[in-house]
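Notes for the one structure printed next.
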Amino acid sequence: MRIIKEWINNRKLIMELAKNDFFMRYAGSYFGTLWAFVQPVVTVLLYVFVFQIAFHANPSGDYPYVLWLIAGLIPWMFFSESITLSTSCFLEYSYLVKKVVFPVSILPIIKVISSTFVHIFFVLFSFGIYCLMGKVPGIHFVQFIYYFVCLLLLVIGCAFITSTIVPFFRDFLSIVNIAMSVGVWFTPILWNLNDVNNQIVNYIMYFNPVYYIVNGYRESFMNGFWFWQHPGLTAIFWAELIIIYAVGISSFYKMKSHFADVL
């Protein structure tokens with residue numbers, strides 16, 4: 001409750017710093033923030049070329065592989081970018097961390113909200129692609145809001161864990177980058193879990209909180225099941241989320257007083 005109160009009381013400051021962080025990230029480049037929107041589009045086109053054109057990946061049901069892929073990449077790219085950026089937030093804003101009166105707990109959220117701008121664009125872009133290809137998302141698309149909230153909560157919880165570790169163990173930045181590179185294959189994003197006839201692999205995936213969200217995004221775009229039709233997966237996700245927040249918030253407040261000494 002303490003940290004939630006800090007977020008609410010500083011909501012205007014969070015939004016202002018998030019906007020500033022987004023524009024400053026591309027300051028000095030000729031095309032500026034345009035690169036933030038070009039990069040995800042180019043990434044999607046690259047995956048489509050490799051897997052659909054070069055390797056002739058099979059479509060998922062009545063949907064072309066490109067649409068199935070986009071729906072999975074949307075949440076993963078947001079998760080990957082947000083975690084990568086927020087992990088180093090205390091290092092980047094060390095001059096604010098050292099200020100006694102500054103609410104340090106808002107720094108990870110600033111990075112997450114900064115990444116949200118691109119995520120919203122990517123969702124709208126993908127929705128347009130679905131419409132152009134004659135696969136207009138139906139009523140199930142409204143549950144995208146639920147999965148988006150789940151994604152935000154997951155990213156913020158994980159960000160508090162990773163960002164708290166980095167000031168004391170700088171090598172953790174490289175570990176996180178490697179984890180994000182491996183995670184795109186482990187989640188899975190580029191391959192269909194239904195094609196794997198292995199109960200152990202399926203069981204492991206059910207305990208991957210990102211898989212729950214990726215699968216939810218796909219069902220939102222591709223008119224699949226409602227989230228309440230997955231009671232087991234939903235219960236596992238929220239249980240894991242509670243554990244992540246318990247670890248992240250408690251670690252943050254335990255180590256917060258030592259940040260200024262190591263930065």
> Just one of the numbered conditions (1) of a type in the set (Asp, Glu); (2) surrounded by fewer than 18 Cβ atoms within 10 Å (Cβ to Cβ); (3) out of contact with any Pro (no Cβ under 9 Å at 6 or more places or on another chain) is not true of Glu219; which one?
Replying inline: (2)
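I'd like to check something: does the range 188-207 contain any residue that is at pLDDT below 90, closer than 28 Å to Ile4 by Cβ and not hydroxyl-bearing (Ser, Thr, Tyr)?
Step one: list which residues in the range 188-207 are at pLDDT below 90, which gives 188-207.
Pick out the ones that are also closer than 28 Å to Ile4 by Cβ and you get 207.
When the remaining residues are screened for being not hydroxyl-bearing (Ser, Thr, Tyr), the result is 207.
The answer is yes, given that some residue of the range 188-207 is at pLDDT below 90, closer than 28 Å to Ile4 by Cβ and not hydroxyl-bearing (Ser, Thr, Tyr).
Every residue in the range 146-164 that is surrounded by 14 or more Cβ atoms within 10 Å (Cβ to Cβ) and either under 13 Å from the mean Cα position of the chain (by Cα) or without any contact (Cβ under 8 Å) to a residue 24 or more places away in the chain (or both), please. Show your work before the answer.
Just the residues of the range 146-164 that are surrounded by 14 or more Cβ atoms within 10 Å (Cβ to Cβ), to begin with: 146-148, 150-164.
Tyr147, Phe148, Cys150, Leu151, Leu152, Leu153, Leu154, Val155, Ile156, Gly157, Cys158, Ala159 - these are the residues of the range 146-164 that are surrounded by 14 or more Cβ atoms within 10 Å (Cβ to Cβ) and either under 13 Å from the mean Cα position of the chain (by Cα) or without any contact (Cβ under 8 Å) to a residue 24 or more places away in the chain (or both).
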> Of (1) within 22 Å of Trp76 (Cβ to Cβ); (2) surrounded by fewer than 18 Cβ atoms within 10 Å (Cβ to Cβ); (3) modelled with pLDDT under 90, His258 satisfies all except one. Which?
Replying inline: (1)
>> Which of the numbered conditions does Ile189 fail, given that it passes all the others? Conditions: (1) assigned to a helix (DSSP H, G or I); (2) in contact with a helix residue (DSSP H, G or I) (Cβ under 9 Å, 6 or more places away or on another chain); (3) under 20 Å from Ser115 (Cβ atoms); (4) of a type in the set (A, V, I, L, M).
In response: (1)
>> On the basis of being of a type in the set (Phe, Trp, Tyr), touching a helix residue (DSSP H, G or I) at 6+ places or on another chain (Cβ under 9 Å) and buried (at least 18 other Cβ atoms within 10 Å of the Cβ), does Phe122 make the cut?
In response: yes
> Can we say Ser105 is in contact (Cβ under 8 Å) with a residue 60 or more places away in the chain and either within 17 Å of Arg25 (Cα to Cα) or not in a helix (DSSP H, G or I) (or both)?
Replying inline: no
>> I want to confirm something. Restricting to the range 43-72 and keeping residues that are over 23 Å from the mean Cα position of the chain (by Cα) and of a type in the set (Val, Ile, Thr), which single residue is modelled with the highest pLDDT?
In response: Val50
> Would the range 244-260 turn up any residue that is more than 22 Å from Leu91 (Cα to Cα), of a type outside the set (D, E, K, R) and free of Cβ contacts under 8 Å to residues at least 12 places away in the same chain?
Replying inline: yes
> When you go through Leu241, Leu233 one by one, which is the residue that is surrounded by 15 or more Cβ atoms within 10 Å (Cβ to Cβ), of a type outside the set (Asp, Glu), over 18 Å from the mean Cα position of the chain (by Cα) and assigned to a helix (DSSP H, G or I)?
Replying inline: Leu233
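The values are calculated or read from the model by the stated rules, or taken from the named source; none is laboratory data. Not measured: the values here are computed from a predicted model. All Cβ positions, glycine included, derive from the backbone under ideal geometry; neighbour counts span all protein chains shown.
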